[in-house]
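Trainee: Sharing a structure with you now.
The values are calculated or read from the model by the stated rules, or taken from the named source; none is laboratory data. Just so it is clear, the model here is predicted, and its values are computed rather than measured. So basically every Cβ, Gly included, is an ideal-geometry build from the backbone, and we count neighbours across all protein chains shown. In case anyone asks, the SASA skips ligands and DNA or RNA and just uses the protein heavy atoms, side chains included. Shrake-Rupley method; radii C 1.70, N 1.55, O 1.52, S 1.80 Å.
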Amino acid sequence: MDLTLIVGPLASVVTVASFIPQVLKAWQTRSVNDISYGMVCLLLLSAALWVSYGVLIRDSIIIITNLGVAVLNVAILTAKVRFQKS
């Protein structure tokens, strides 16, 4: 069995899952003051670039993973905009 068929998808799942606790916490507690706009925007840019790279090399794991990362970071950014204290 080719180990890349296990490691790639597993890394993909873990990468996307790593953002879920922050998304849930931000939306449940509405506490977003410690989340940096810069970090979220850089993560969104990174995900967009990875998706573009995935498309260029036709790698579905890279594309799907980073679309998931982008969606979760949009959820964090939306919470930040919506719940940020002035």
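Trainee: If we count every other residue with Cβ under 14 angstrom of residue 19's Cβ, Lys/Arg +1 and Asp/Glu -1, where does the sum land?
Mentor: Local net charge: +2.
Trainee: A further question on this structure: Give, in nm to one decimal, the length gained when the segment between residue 64 and residue 3 is fully stretched (0.36 nm per residue of separation minus the Cα-Cα distance).
Mentor: Gain in length upon complete extension: 20.0 nm.
Trainee: With +1 on each Lys and Arg Cβ and -1 on each Asp and Glu Cβ, how big is the dipole of the stretch 11-86 about its Cα centre, in debye rounded to the nearest 20?
Mentor: 280 debye
Trainee: When the solvent-accessible surface of protein heavy atoms is calculated with a 1.4 angstrom probe, in what order do 30, 58 fall, highest first?
Mentor: Most to least solvent-accessible, the answer reads 58, 30.
Trainee: Run the accessible area of the chain with a 1.4 Å probe and give the carbon-and-sulfur part as a rounded percent.
Mentor: Of all accessible area on the chain, carbon and sulfur atoms account for 69 percent.
Trainee: Can you tell me, using C-alpha contacts under 8 Å and at least 6 residues apart, the relative contact order of the chain as a whole percent?
Mentor: Computed over the chain, the figure is 42 percent.
Trainee: Also, I was wondering about something else. Between residue 27 and residue 80, what is the spin-label point distance in nm, taking each point 7 Å from the Cα along the Cα→C-beta axis?
Mentor: Taking the two extended label points, one gets 1.7 nm.
Trainee: Which entry in (i) 20, 54, 25, 1; (ii) 18, 43, 26, 11, 2, 0; (iii) 19, 52, 28, 1 is this structure's computed P(r) over Cα pairs in 10 Å bins from 0, in percent?
Mentor: The value matching this structure is (ii).
Trainee: Right, next: What figure in square angstrom, to the nearest 10, would you give for the accessible area of residue 50 with a 1.4 Å probe?
Mentor: We get 120 Å² for residue 50.
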